[in-house]
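Written below as structure tokens is the structure these notes are about.
The values are calculated or read from the model by the stated rules, or taken from the named source; none is laboratory data. What you see is a predicted model, and the numbers here were worked out from it, not measured in a lab. With ideal geometry, Cβ positions are generated from the backbone for all residues, glycine too; neighbour counts draw on all protein chains shown.
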Amino acid sequence: MTDLDELALAMPETTKDVSQDGRPSYHVHGKLFCCHRSRRRDAIDAQTGERLDDVLMFRVADVGTKELMVADDRGIFFTTPHFAGYAAVLLRIHDLHRLDSDELHDLVVEAWLTRAQKRLAKAWLAEHRAADEPADRSP
């Protein structure tokens with residue numbers, strides 16, 4: 001969760017709210033892009049029947065992206081009936097370690113991009129594409 005917090009807060013104009021019970025949510029311009037959900041009746045542990053207390057929600061670009069992520073063979077991402085037709089995936093906190101640092105970074109960035117204002121997202125992408133391009137090594 002520390003990595004998630006650092007990655008989310010590193011995104012421009014991100015704010016963090018913390019609920020009374022300590023659950024973080026991350027917003028850009030007041031729009032939610034990631035949060036630790038409270039217990040909901042739609043997210044149940046299959047073995048115990050208890051409501052899950054460790055579910056993170058990440059916005060994704062579209063429902064097609066969501067479907068691809070939920071179909072991932074690792075079974076890390078899931079959805080519930082509450083999120084039917086909604087561009088978001090769910091992930092249990094105890095599965096965060098199954099994502100490598102680049103995957104978690106990309107998940108946070110993609111979630112942020114879905115909610116950031118277009119000009120801010122465009123500027124961030126331009127800056128980071130330039131930083132990722134290899135230096136010119138011609139003689």
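Going through segment 102-123 one residue at a time, which ones are over 13 Å from the mean Cα position of the chain (by Cα) and either closer than 20 Å to Ala43 by Cα or exposed (fewer than 14 other Cβ atoms within 10 Å of the Cβ) (or both)?
Gln117, Lys118, Arg119, Lys122, Ala123
Residue by residue through segment 40-75, note down the ones that are touching a Leu at 6+ places or on another chain (Cβ under 7 Å) and modelled with pLDDT of 95 or more.
If the condition is that a residue be touching a Leu at 6+ places or on another chain (Cβ under 7 Å) and modelled with pLDDT of 95 or more, then Leu56, Met57, Phe58 are the ones that fit.
Could you run through segment 1-15 and say how many residues are in contact (Cβ under 8 Å) with a residue 24 or more places away in the chain and either surrounded by 14 or more Cβ atoms within 10 Å (Cβ to Cβ) or assigned to a helix (DSSP H, G or I) (or both)?
The number of residues fulfilling the criteria is 6.
Taking Ala135, is it in a loop (DSSP other than H, G, I, E, B) and modelled with pLDDT of 95 or more? Spell out how you get there, then give the answer.
Values: in a loop (DSSP other than H, G, I, E, B): yes; modelled with pLDDT of 95 or more: no.
No; evaluated as a whole, the condition is false for this residue.
Under the condition of being in contact (Cβ under 8 Å) with a residue 60 or more places away in the chain and of a type in the set (A, V, I, L, M), which residue from segment 21-70 is farthest from Met11 (Cα to Cα)?
Of everything passing the filter in segment 21-70, Leu32 is farthest from Met11 (Cα to Cα).
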